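Structure first, then comments.
No lab work stands behind these numbers, since they all come straight from the coordinates. Please read these numbers as outputs of a predicted model, since none were measured by experiment. Virtual Cβ from ideal backbone geometry, glycine too; neighbours counted across all protein chains shown.
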Amino acid sequence: MDFRYTDDEEAFRKEVQQFINESMPPGWLGVDPGPEEETREDVGPLARQMWRKLGQKSWIGLTLPKAYGGQEAPLWKEMILLQELAYRGAPGMDTAIAQVDLILTFGTEEQKRRFVVPITRGEVKWAIGMSEPNAGSDTFAVQLRAVEEEDYFVLNGQKIWSSGAHNANYEMVYARTDPENKHMGLSVFMVDLKSPGITLRQIPQMTGIPAFCEVFFDNVRVPKENLLGEKNGGWQVLLHAFGAERTYGLFAIYNAKRYLDHLIQYCNETHVDGQLLSKDPLVRNRLAQMAIEIEVGCNLGHELNWQAIQGQPTVKTSNQIKVHGAAIAQRVANLGMQILGLYGPLHERSKWVRLGGRFSHEYLSTIGSSLAGGTTENSKNHIAGRAGLGLPKK
Amino acid sequence: MDLSFSEEQEMLWKSARDFLANKCPKTLVRQMEEDEKGYVPELWKEMADLGWIGLPFPEKYGGGGFTFLDLVILLEEMGRACLPGPFISTVVLGGLPIAKWGTEQQKKDILPKICKGEAILTLALTEPSARYDAVSVQVKAKVEGDHYVISGTKLFVNDANVADYIIVVARTADSANPEEGITLFIVDGKSPGITTHLLRTIAGDKQCEFTLNKVKVPKASVLGKPNQGWGMVGEIIQWAALAKAAEMMGGAQQVLEMTIQYAKDRVQFDRPIGSFQIIQHYLADMSIDVDSSRVSLHKAAWMLSEGISCAKEISVIKGWLSEAYRRVTAQAHQIHGAIGFTKDHDLELYFRRAKAAELFFGDADFHREIVAQQLGM
Ligand SMILES: Cc1cc2nc3c(=O)[nH]c(=O)nc-3n(C[C@H](O)[C@H](O)[C@H](O)COP(=O)(O)OP(=O)(O)OC[C@H]3O[C@@H](n4cnc5c(N)ncnc54)[C@H](O)[C@@H]3O)c2cc1C
Ligand SMILES: Cc1cc2nc3c(=O)[nH]c(=O)nc-3n(C[C@H](O)[C@H](O)[C@H](O)COP(=O)(O)OP(=O)(O)OC[C@H]3O[C@@H](n4cnc5c(N)ncnc54)[C@H](O)[C@@H]3O)c2cc1C
């Protein structure tokens with residue numbers, strides 16, 4: 001047993017840290033990883049720059065074959081990269097990367113070259129079109145209809161909650177090709193969001209950021225070469241996609257770690273009644289408890305990464321981290337608001353704001369963390385189920 | 001990074017589990033709760049012969065020369081089995097301090113006896129204040145010629161009823177800084193002036209009131225340097241917290257496993273209760289507590305074994321498990337229903353031990369304070 005990073009790994013971590021330092025504006029407080037905050041006007045351009053830069057370094061899809069723009073690096077490198085990006089709150093972590101996994105698993109050679117290479121170069125963004133108004137947790141209830149005609153499929157229906165679709169070039173769309181068969185009647189399409197017949201409507205999230213999109217499909221023609229995997233074989237892609245979201249909970253934990261560290265620094269610098277906040281026993285106790293929860297989560301993350309490297313199943317551990325990470329994210333946000341007191345709810349542009357208003361944002365945004373990418377309840381079902389604790393269905 | 005265990009460690013794991021399943025049935029565990037001594041000397045001897053008691057001590061004193069991580073593996077299995085007896089007291093509270101700070105003579109005198117299962121040790125630290133801080137050390141040791149004379153009362157001393165040697169933490173000088181002027185003594189358990197009284201606890205462990213009435217000890221029995229004992233105590237508490245956490249880990253693992261099995265077997269409303277979603281979600285939560293504890297425990301133990309400073313990591317795991325183990329056992333009771341609330345069912349053994357273990361060597365608040373310091377607050 002050895003928890004140390006090797007010299008190579010440590011050197012790579014330093015390289016990543018230096019890259020982030022050079023790429024972020026001075027005094028960067030960090031944003032949440034993912035497409036939500038990249039929707040902000042002040043973050044969008046920086047995010048776009050970052051994808052390009054990451055692409056130029058072949059750091060998007062580090063582990064992929066060189067033919068698709070990767071570096072064939074060991075999995076550990078990618079884990080370090082993602083941890084550092086999340087911990088530093090650097091934008092540019094791309095949900096597209098999860099799509100790469102799907103395309104490489106189910107795509108044809110032609111599809112791999114056509115779709116994966118631009119992603120790894122940092123040139124295109126992808127949105128995920130799973131959810132519909134009546135298909136949330138129950139993904140197999142997808143109704144968006146795809147009808148085969150000549151050399152294309154015609155798509156009619158709608159998606160909802162597609163994060164950042166307005167900034168994306170493509171969407172991975174889960175559609176119904178057989179209305180009679182709930183589970184075996186789905187197919188997956190790689191849809192160019194500029195296709196005629198697509199209308200987008202942004203929906204503001206509780207944070208005020210309009211990152212959710214409704215995507216309406218009105219006789220949208222999708223060429224057959226954009227079908228991913230088999231017709232009616234979408235269930236396989238779907239199950240794989242749940243697995244590809246393996247790292248989601250870890251992002252939440254490293255993101256929370258940054259927020260906690262900001263909070264500790266704040267308490268080490270802020271006096272109340274002539275005493276440093278960090279000397280207040282109650283404050284110390286609560287911050288330390290958060291630190292323990294985060295550290296324990298990071299440790300479980302090591303285990304998850306190790307399982308992935310060993311090629312072991314990760315369903316149980318990744319869902320455990322998803323549940324734990326989402327809860328931590330919400331608790332650290334709440335703790336920050338309580339410590340900041342009346343300053344907590346101030347908007348980031350208020351002249352009295354503390355810590356850049358990050359905690360008021362975080363307090364709102366982390367409500368989504370126990371929903372996005374599968375709800376906490378859904379994750380617990382997975383943990384309990386066949387691939388986890390093995391509890392019976394009925 | 002390599003999170004796998006060596007073949008040797010896997011073997012230790014398996015042989016410990018098999019041995020304890022065989023030699024330490026719950027009937028024995030229950031019997032020992034009522035027993036005056038609280039352990040079975042024959043079993044103790046067998047464990048010594050297996051090399052368990054000498055596990056972390058240098059080979060030249062008859063030990064196995066294993067690491068703390070190996071010790072943790074063994075302790076997890078002991079926790080799983082609810083093994084009664086003075087193992088942590090002897091090995092961690094008594095033996096390891098002597099191995100680290102003892103004179104050559106002290107080591108030669110005592111360590112081989114420990115390894116052979118011929119000497120039981122413990123540490124007498126806490127007093128009626130029941131705290132793990134330096135201010136609370138009030139028992140006095142005064143120099144008289146070539147001896148010290150120690151008087152005062154220690155409380156919550158584990159296994160003092162059967163101990164051959166007791167490391168007594170006493171105040172030898174008064175100072176404005178309470179951490180100065182504390183000295184550790186290796187006291188012979190048969191010294192005149194010592195009395196021990198067993199205290200009854202919910203966990204059925206052997207805690208004692210330990211009174212020293214003008215107990216005379218030679219100067220050669222000082223462990224380490226006079227007046228500088230508090231730093232050593234701090235380190236011993238860390239080891240003990242980690243060792244206790246390992247026992248708790250094994251208990252939590254066992255409780256999770258037995259509860260999953262129960263949920264599969266117990267039928268109500270014509271279906272196994274494990275098919276009810278609320279029971280599944282309880283178990284999912286319990287598994288998060290257990291699995292996150294395991295890797296955190298091993299990380300801290302590995303660091304200690306490698307000589308990497310790990311005060312924070314030890315407090316992270318003891319602080320976390322102190323609450324997680326209690327949560328897991330309480331939730332297990334809910335899932336077991338009335339049967340788990342009986343004395344006949346094994347679950348109650350773990351529930352009682354979880355609380356006692358939580359309070360030993362620093363509860364969650366104690367360790368959160370250490371984490372706060374380690375974070376630079
Ligand atoms: C910030 C954010 C970003 C998102 N981004 C995307 C995206 O990019 N693309 C996309 O397709 N979707 C996205 N989503 C949608 C997300 O995947 C869904 O919100 C999620 O799957 C839950 O679906 P729902 O909202 O319809 O809730 P429902 O499925 O209606 O669930 C409502 C409640 O019922 C519970 N529930 C449902 N089924 C079960 C069950 N079997 N057992 C127990 N409880 C159950 C849920 O846990 C929840 O508590 C995003 C959501 C959020 C919040
Ligand atoms: C202190 C005490 C005093 C008692 N006194 C009496 C008494 O005087 N007279 C008497 O007749 N009984 C008495 N009982 C028994 C008590 O009524 C039962 O313990 C209780 O009904 C639960 O039954 P059970 O223990 O068999 O657990 P089970 O019914 O086996 O339940 C085990 C677990 O499964 C869960 N579960 C079961 N069914 C469902 C479901 N449909 N959905 C979700 N979860 C489910 C339970 O909530 C529990 O967590 C007493 C129990 C206790 C602890």
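Some observations on this one:
- For the stretch B:255-368, the spread of Cα positions along the three principal axes, ordered from largest to smallest, is 55, 25, 21 Å.
- Scattering curve values for chain B, log₁₀ I(q)/I(0), Debye with Cα scatterers, q = 0.06, 0.07, 0.12 Å⁻¹: -0.23, -0.31, -0.90
- For residues of A:111-122, the mean tally of beta carbons on other chains within 10 Å: 0
- Within the straight-line cut-off of under 13 Å between alpha carbons, the aspartates and glutamates reachable from B:LYS116 are B:GLU42, B:GLU46, B:ASP49, B:GLU59, sequence neighbours fewer than 8 places apart in one chain being disregarded.
- Part-to-part distance (alpha-carbon centres) for the stretch A:1-71 and the stretch A:243-292, which is given in Å: 23 Å
- The share of alpha-carbon pairs in the stretch B:77-190 lying farther apart than 20 Å comes to 45%.
- Distance from the C-alpha centroid of the stretch B:203-263 to that of the stretch B:1-31: 21 Å, rounded to the whole angstrom.
- For B:LYS60, the aspartates and glutamates whose Cα falls under 13 Å of its own Cα, not counting residues fewer than eight places away in the same chain, are B:GLU104, B:ASP109.
- Summing charges over all other residues whose Cβ lies under 11 Å from the Cβ of A:SER195, with Lys and Arg as +1 and Asp and Glu as -1, gives -1.
- Shielding of peptide B:274-280 by partners, expressed as the average count of other chain Cβ atoms within 10 Å per residue Cβ, is 4.
- Among the chymotrypsin sites (Phe, Trp or Tyr not before Pro) in the stretch B:259-312, those located in a DSSP loop and surrounded by at most 13 other Cβ atoms within 10 Å of their own Cβ are B:PHE269.
- For the stretch A:344-391, applying the loop criterion from DSSP together with a ceiling of 15 other beta carbons within 10 Å to the GluC sites (Glu not before Pro) yields A:GLU348.
- Listed pairs A:LYS14/B:LYS244; A:LYS194/A:LYS224; B:LYS140/B:LYS225 exceeding 25 Å between Cα atoms: A:LYS14/B:LYS244
- With at most 11 neighbouring Cβ atoms within 10 Å, loop trypsin sites (Lys or Arg not before Pro) (DSSP) excluded, longest segment of chain B: B:1-189
- Local charge for B:ILE339 was computed over the other residues whose Cβ lies under 12 Å away, with Lys and Arg +1 and Asp and Glu -1, and equals -2.
- For chain B, relative contact order (Cα pairs under 8 Å, six or more residues apart, normalised by length) works out to 15 percent.
- Other residues within the sphere of radius under 14 Å centred on the Cβ of A:MET79, judged by their own Cβ, net out at -3 (K and R +1, D and E -1).
- Taking GluC sites (Glu not before Pro) across the stretch A:174-282, the ones in a DSSP loop with at most 10 further Cβ atoms lying within 10 angstrom of their Cβ are A:GLU180.
- What the phi angles of the stretch A:173-182 give under the Karplus curve with 6.51, -1.76 and 1.60, with θ = phi - 60°, is a coupling list of 10, 8, 10, 9, 9, 9, x, 7, 10, 4 Hz, glycine and proline written as x.
- Value of D in µm² per second that Stokes-Einstein yields for the stretch A:99-138, Kirkwood Rh from Cα pairs, at 4 °C (1.567 mPa s): 112 µm²/s
- Within straight-line cross-link reach of A:LYS380, aspartates and glutamates at Cα separation under 18 Å, skipping those fewer than 8 residues along the same chain: A:ASP138, A:GLU245, B:GLU257, B:ASP285, B:ASP289, B:ASP291
- Taking max minus min of the alpha-carbon positions on each principal axis, the stretch A:249-348 gives extents of 55, 26, 17 Å, largest first.
- Counting only DSSP beta bridges whose two residues both lie in the stretch A:121-178, roughly 55 percent are antiparallel.
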